[in-house]
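Bear in mind that the values in this text are calculations on the coordinates, not laboratory data. This one's a predicted model, so the numbers in the text were calculated from it and none came from an experiment. Methodologically, a virtual Cβ is constructed for each residue, glycine included, from the backbone with ideal geometry; neighbour enumeration extends over all protein chains shown.
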Amino acid sequence: DAGITQSPRYKITETGRQVTLMCHQTWSHSYMFWYRQDLGHGLRLIYYSAAADITDKGEVPDGYVVSRSKTENFPLTLESATRSQTSVYFCASSSRPTSGNTGELFFGEGSRLTVL
Amino acid sequence: AQKITQTQPGMFVQEKEAVTLDCTYDTSDPSYGLFWYKQPSSGEMIFLIYQGSYDQQNATEGRYSLNFQKARKSANLVISASQLGDSAMYFCAMREGGVTSGSRLTFGEGTQLTVNP
């Protein structure tokens, strides 16, 4: 029961390079999310997806691109990495909230990205 | 304006005592949900408890309870009988809108709880 997995767990890159963080979930959850965690800011939503081929911006989308061609995958790409994108990135998924389901987020283990 | 405010960057509690972690929220939506997550030093995010805006009773899950005061817009987490393993960062989060709005959560900055033996 893998649940939700992120790769790579750790990545060091240089300014200007393209980086893709992968996220895969095995629950067939409708919703998927990318958050970044920085000291003093908690977790901030970058992008989210309500279903395959449906994505939308969150609070801090600039510099990031997402796609969701399959329900189970939600990769996050930094097209030209900057030092300000050094962070811990969390992928999360949830089922559609209903009256009997809180719709809580299930998180991956996080990907620590350092941009030099 | 901050949607979720956690005013305690750090809290200390003695083992076996109860502790309250504060959370206030700001929304004009009558339908919303409030969540608490725990993040131990290992980094994973663990869901603890949920309170819906229309729930009549305060939520409880084992040693965790949520003190929901709707008029004051507060959703404090109470941990009873603290254990050393409760030492972690705790995040309060809110989902605005009803069940059709999905689960976009807005998080607070977190409270670092340390349980002393």
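Quick notes
- Around A:Ser94: net Lys/Arg minus Asp/Glu count, Cβ-Cβ under 10 Å: +2
- Counted by neighbouring Cβ atoms within 10 Å, the residues A:Met22, B:Met89 run from fewest to most as A:Met22, B:Met89.
- Based on C-alpha pairs under 8 angstrom that are at least 6 apart in sequence, chain A has a relative contact order of 34 percent.
- Taking segment A:54-116 and dividing mean pair separation by its residue count, relative contact order in percent (alpha carbons under 8 Å, at least six apart): 28 percent
- The phi-based Karplus calculation (6.51 cos²θ - 1.76 cosθ + 1.60; θ = phi - 60°) puts the 3J(HN,Hα) values of segment B:110-117 at x, 10, 8, 9, 10, 9, 9, x Hz, whole numbers, x for Gly and Pro.
- Span from the segment A:1-66 Cα centroid across to the segment B:4-51 one, whole angstrom: 23 Å
- Pairwise Cα inverse-distance average, inverted: Kirkwood Rh of segment B:42-117 (Å): 13.9 Å
- For residues of B:106-114, the mean tally of beta carbons on other chains within 10 Å: 3
- Value of relative contact order over chain B, rounded to a whole percent, pairs C-alpha under 8 Å and six or more apart: 37 percent
- Exposure proxy order (Cβ contacts within 10 Å, fewest to most) of B:Phe68, B:Phe12, A:Phe107: B:Phe12, B:Phe68, A:Phe107
- Exposure proxy ranking for A:Trp27, B:Trp36, A:Trp34, based on other Cβ atoms within 10 angstrom of each Cβ and starting from the fewest, stands as A:Trp27, B:Trp36, A:Trp34.
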